[in-house]
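A short worksheet on the structure shown next.
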Amino acid sequence: MSVKYVQHMIQFASDGKESFSGKKVAISGSGNVAQYAALKCIELGATVVSLSDSKGALIATDEKGIQPEEISVIAQLKVDRKQLSELANADSFKGKYKYIEGARPWLQVGDVDVALPSATQNEVSGEEAEGLIKANCKFIAEGSNMGCTQDAIDIFEKHRKEKKHEAIWYAPGKAANAGGVAVSGLEMAQNSARLSWTSEEVDARLKGIMESCFKNGLATAQEYIEPKEGEFPSLVAGSNIAGFIKVADAMKSHGDWW
């Protein structure tokens, strides 16, 4: 899960002094990934200021942000194949949200601390990357697969190198959203062993897996691409190299080598 990954990014960047508590978080999407990311952010003390669907962006207009009970309403809207605009236009939610047709959240939310693309691929453009930087966003992690365009990634990486610890720090989906595949593996392990773990047990195992993902990518980046003084390590390079090494080692262990 991208939220657990970002937890470690925040802790590393702040030398353990900060957490999700008090952070403003922009999230795109409104399916399972976005819903559970929002709930986890709220659980950790953050304020979620946006969700979205294929027709537009839902932006919270009060300081409390999106609440858990409202995410339950959104979940039912998705089951009923309805749009988020219905929530924004409902009498009980009037004044709390605005729904912007044809928009994604990134240029609509104002200043935020964290951005979590959780809808689809290529949903953060170069222009939107620049907008997030101007909005003082410090962390962006893909909950969706390939959520950022290459233009956006290049902008984030350039900013990381130029602005050092003041920069936005980008985490690619191959690392940040590995939690979905990881939980599928945990399900297979339970089935094979004829076991049934509680949600708390699964969450504890997932927490360890995401910590390992972050530390592995971080350490690999520091080993192969030494960052300049004051510069965050590249999680893009670290995750790519760590992934390659893992596959190469597995091939060698199986005798598939040249």
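Annotations for the structure displayed:
- Filtering region 171-206 to residues that are surrounded by 12 or more Cβ atoms within 10 Å (Cβ to Cβ), within 17 Å of Gly243 (Cα to Cα) and either among the β-branched types (Val, Ile, Thr) or modelled with pLDDT of 90 or more (or both) leaves Ala171, Pro172, Gly173, Lys174, Ala175, Ala176, Asn177.
- Number of residues in region 234-258 that are farther than 18 Å from Ser2 by Cβ and surrounded by 14 or more Cβ atoms within 10 Å (Cβ to Cβ) equals 2.
- Flag if Ile209 is touching a helix residue (DSSP H, G or I) at 6+ places or on another chain (Cβ under 6 Å), without any contact (Cβ under 8 Å) to a residue 60 or more places away in the chain and surrounded by 14 or more Cβ atoms within 10 Å (Cβ to Cβ): yes
- Any hit, region 168-186, residues being over 17 Å from His8 (Cα atoms), in a loop (DSSP other than H, G, I, E, B) and not aromatic (Phe, Trp, Tyr): no
- Pairing each residue of region 121-138 that is surrounded by fewer than 17 Cβ atoms within 10 Å (Cβ to Cβ) with any residue that is charged (D, E, K, R), provided the two are 6+ apart or on different chains, yields C-beta distances under 6 Å for Gly126/Asp151; Asn136/Asp111.
- Residue list for region 36-84, restricted to those being over 23 Å from Ile10 (Cβ atoms), part of a loop (DSSP other than H, G, I, E, B) and either of a type in the set (Val, Ile, Thr) or out of contact with any Lys or Arg (no Cβ under 6 Å at 6 or more places or on another chain) (or both): Ser54, Lys55, Thr61, Asp80, Arg81, Lys82, Leu84
The values are calculated or read from the model by the stated rules, or taken from the named source; none is laboratory data. Quick caveat: nothing in here was measured; it's all calculated off a predicted structure. Here Cβ is always computed from backbone atoms with ideal geometry, including for glycine, and neighbour counts include all displayed protein chains.
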